[in-house]
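The values are calculated or read from the model by the stated rules, or taken from the named source; none is laboratory data. Here the structure is a predicted model, which is why all the values come from computation and not from measurement. Counting neighbours? That spans all protein chains shown, and the Cβs are built from the backbone with ideal geometry, glycine included.
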Amino acid sequence: MSEVGIVIGEARPEKVAFTSKTSVRVGDYVTVDTEDGPVLYMVEYFKNVSELLSGESDYQTADEARRASVKNPRDRVRVGVARALGLVKELRSGRRIYPTIPPEPGSSVRLADEDLLREIYGESGDSWVKVGRLLRRPTISVAINLDATASRHLAILAATGKGKSNLLALLAKKVSEKNGTMVIFDYHGEYQGLSIRRLKLTTPKVNPRHLSVEELADMLGIRANAERQRAILGRIYTKDVIGAVDYWDTLVSKLKGIAEDEEAGFQDRMTAQRLIDIIRRALAVWGNIFDTNAKTPLDAIENNRVNVLDISGLTELQAQMIVDTYIDSILEDRKTVVREGQGRFKSPVVVAIEEAHVFMPSDQRTACSETIARVAREGRKFGVSLIIVSQRPSRLNADITSQMGSFAISGITHPRDQGFINEVTDEVSAELGASLPSLNPGEMVLAGHFVRVPALVKVELVEEKHVGRDLEAVRMWRQEASKSYVPTSELIGS
């Protein structure tokens, strides 16, 4: 490739500044020779400055400066910053090795050859799957490593509408094509219509017999500060209730005994009756998640399938308890398989948590945050990986997020969120992070173990993934109006 710039200023092994004769897009690739050999760099920052047109001025002065600038090529300064991705020779062999000596100031900066980029980003083996194309070189496909995704954890961090759910849907399709086992906790009912060959849609099940009285109170929607209600429930929640064939009838019967006991205090009788109403309402609204015959939560999950667990109708606390129960059971099962050769899941399991800030927030413990943290720490050893998805990174638990080995990031505008990303991963520099707000839907920075080197990518669109996209309100109004047309005369008459 021909020269596009010259290294200037202080050059370091990991980063160089260069001046260019033409504009170079952020996210494009350049190569520079060093004593260790040619190095591939990604452009992370670029500015185009005119000294004559700098500062505030009136229109007439600006117009004169514009004409003078056109005639004076030295007035226009184009400067970029590029980050080293590795020695070209090593990258061709699948290894990421950095130079030990920086390039000399004055070294030639050349656009990277497309054949080189195809070698680096293309599929190379059964574990690599295509997910999109380089944003600045759209003829070049980008593949990710599913083995790394299934062992090193992944964080998908993107503003609303930027494609985070689309990427998760795409990953689910790729896992399905490889006959993998995946569990998606679907917080908003977004994954019901995916066209996946081995998709299982299910409502998570909980056996109330396996819950402590406090956990049962949480699942029934009893407020945490309703001390009298929880105390009455604890009083009647005995072994004969837990072991009863007709579990719910026995539980309600015990409460009726208190509600109808004239010798019981007025407050106790009223509280018992209120508990009966709460239980009946909970069973009417959430009854499908209770199964008094379920042996284990894993009965709802099938091996070698993408399992979508619909938790969209649950309260926040109920959803947290479901996530805690399921991922704890998955991790313990995989531990048993690894240590004893016995268990349900004989191969790795990928667990995806939408709206992860609800389940592992930065400012408090939840019913499932400790279990998620345990999977983040131990999951790799036992073949349980996490995919966490969120639009507000700074609301996530930093300790858990820093355990993520790979990142997909887009459209993050809030300074606190950008700062959080810089804290939890060194794969996204401050310069590259500053470009995140300008990314369009579906354009993402991919970095970490699941790609050979960081990339700015246009991710493939999952066409059937409609939930989460902007509504076509005008078209929908028109369609509805055409089906329910009422003559104007009737409207006036009414």
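Does Ile388 satisfy being aliphatic (A, V, I, L, M) and in contact with a Phe, Trp or Tyr (Cβ under 6 Å, 6 or more places away or on another chain)?
Working: aliphatic (A, V, I, L, M): yes; in contact with a Phe, Trp or Tyr (Cβ under 6 Å, 6 or more places away or on another chain): no.
It is false that Ile388 is aliphatic (A, V, I, L, M) and in contact with a Phe, Trp or Tyr (Cβ under 6 Å, 6 or more places away or on another chain).
Does segment 8-29 include one or more residues that are acidic (Asp, Glu), surrounded by 13 or more Cβ atoms within 10 Å (Cβ to Cβ) and under 37 Å from the mean Cα position of the chain (by Cα)? Spell out how you get there, then give the answer.
At the first step, the residues of segment 8-29 found to be acidic (Asp, Glu) are 10, 14, 28.
Keeping just the survivors that are surrounded by 13 or more Cβ atoms within 10 Å (Cβ to Cβ) gives 14, 28.
Keeping just the survivors that are under 37 Å from the mean Cα position of the chain (by Cα) gives 14, 28.
Yes.
Filtered by the rule that a residue be farther than 22 Å from Ala148 by Cα, within 31 Å of the chain's Cα centre (by Cα) and surrounded by fewer than 16 Cβ atoms within 10 Å (Cβ to Cβ), segment 70-120 gives a lone residue, Glu114.
Does any residue of segment 396-407 turn out to be at pLDDT below 85, over 24 Å from Leu171 (Cα atoms) and in the same structural domain as Met360 (by TED's automatic domain parsing)? Steps first, please.
From segment 396-407, those at pLDDT below 85 are none; that's our starting set.
No; the residues of segment 396-407 include none that is at pLDDT below 85, over 24 Å from Leu171 (Cα atoms) and in the same structural domain as Met360 (by TED's automatic domain parsing).
Arg305 - would you say it is surrounded by 21 or more Cβ atoms within 10 Å (Cβ to Cβ) and charged (D, E, K, R)? Answer is no for this residue.
Residue-by-condition table, conditions (1) assigned to a strand (DSSP E or B); (2) within 16 Å of Glu431 (Cβ to Cβ); (3) polar (S, T, N, Q):
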residue: Gly9; (1), (2), (3): yes, yes, no
residue: Val16; (1), (2), (3): yes, yes, no
residue: Val26; (1), (2), (3): no, yes, no
residue: Val30; (1), (2), (3): yes, yes, no
residue: Val39; (1), (2), (3): yes, no, no
residue: Phe46; (1), (2), (3): yes, yes, no
residue: Leu52; (1), (2), (3): no, no, no
residue: Ser57; (1), (2), (3): no, no, yes
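I'd like the full set of residues that are of a type in the set (Gly, Ala, Ser) and under 32 Å from the mean Cα position of the chain (by Cα), limited to segment 272-298. Don't jump to the end; show me each part of the working.
Within segment 272-298, the first condition is being of a type in the set (Gly, Ala, Ser), and the residues that meet it are 272, 282, 284, 287, 294.
Of everything in segment 272-298, those that are of a type in the set (Gly, Ala, Ser) and under 32 Å from the mean Cα position of the chain (by Cα) turn out to be Ala282, Gly287, Ala294.
For segment 240-260, the count of residues that are in contact with a strand residue (DSSP E or B) (Cβ under 6 Å, 6 or more places away or on another chain), under 21 Å from Thr296 (Cβ atoms) and not acidic (Asp, Glu) is zero.
Would you confirm whether or not segment 51-67 contains a residue that is surrounded by 15 or more Cβ atoms within 10 Å (Cβ to Cβ), under 19 Å from Ile8 (Cα atoms) and either of a type in the set (Asp, Glu) or outside the structural domain of Lys174 (by TED's automatic domain parsing) (or both)? No, every residue in segment 51-67 fails to be surrounded by 15 or more Cβ atoms within 10 Å (Cβ to Cβ), under 19 Å from Ile8 (Cα atoms) and either of a type in the set (Asp, Glu) or outside the structural domain of Lys174 (by TED's automatic domain parsing) (or both).
With respect to the stated conditions, Ala282 is among the small types (Gly, Ala, Ser), assigned to a helix (DSSP H, G or I) and closer than 30 Å to Val183 by Cα. Assigned by TED's automatic domain parsing to the domain that holds Thr401, among the polar types (S, T, N, Q) and in contact (Cβ under 8 Å) with a residue 24 or more places away in the chain - does that describe any residue in segment 221-239? Checking segment 221-239: not a single residue is assigned by TED's automatic domain parsing to the domain that holds Thr401, among the polar types (S, T, N, Q) and in contact (Cβ under 8 Å) with a residue 24 or more places away in the chain. Applying the condition of being assigned to a loop (DSSP other than H, G, I, E, B) and touching a Lys or Arg at 6+ places or on another chain (Cβ under 6 Å) to segment 125-148 and asking which residue is modelled with the highest pLDDT yields Ile140. Residue check: is Gly405 touching a Gly at 6+ places or on another chain (Cβ under 9 Å), of a type outside the set (S, T, N, Q) and more than 22 Å from Gly80 (Cβ to Cβ)? When the stated conditions are applied, Gly405 passes them. Residue pairs whose Cβ atoms lie under 8 Å apart, separated by 6 or more positions or on different chains, with the first residue in segment 252-279 and over 17 Å from Val213 (Cβ atoms) and not assigned by TED's automatic domain parsing to the domain that holds Arg235 and the second at pLDDT below 90 and crowded, with 18+ Cβ neighbours inside 10 Å, do not occur. Residue count for segment 100-124, restricted to those that are in a loop (DSSP other than H, G, I, E, B) and among the aliphatic types (A, V, I, L, M): 2. Any residue that is buried (at least 19 other Cβ atoms within 10 Å of the Cβ), modelled with pLDDT under 90 and not acidic (Asp, Glu) - is there at least one of those in segment 458-471? The answer is yes; a qualifying residue exists.
Tell me, please, whether a residue that is in a loop (DSSP other than H, G, I, E, B), touching a Pro at 6+ places or on another chain (Cβ under 7 Å) and surrounded by fewer than 17 Cβ atoms within 10 Å (Cβ to Cβ) can be found in segment 403-416.
Kept after step one, since they are in a loop (DSSP other than H, G, I, E, B), are these residues of segment 403-416: 403-405, 411-414.
Restricting the remaining residues to those that are touching a Pro at 6+ places or on another chain (Cβ under 7 Å) gives 411-413.
Going one step further and asking which of them are surrounded by fewer than 17 Cβ atoms within 10 Å (Cβ to Cβ), we end up with 413.
Checked against the condition, which is being in a loop (DSSP other than H, G, I, E, B), touching a Pro at 6+ places or on another chain (Cβ under 7 Å) and surrounded by fewer than 17 Cβ atoms within 10 Å (Cβ to Cβ), segment 403-416 yields at least one hit.
Residues of segment 1-46 that are among the small types (Gly, Ala, Ser), closer than 22 Å to Lys89 by Cβ and in contact with a Ser or Thr (Cβ under 9 Å, 6 or more places away or on another chain): Ala11 alone. Looking across segment 354-371 at every residue that is in contact (Cβ under 8 Å) with a residue 40 or more places away in the chain and touching a Leu at 6+ places or on another chain (Cβ under 7 Å), the one that is nearest to Thr325 (Cα to Cα) is identified as Ala367.
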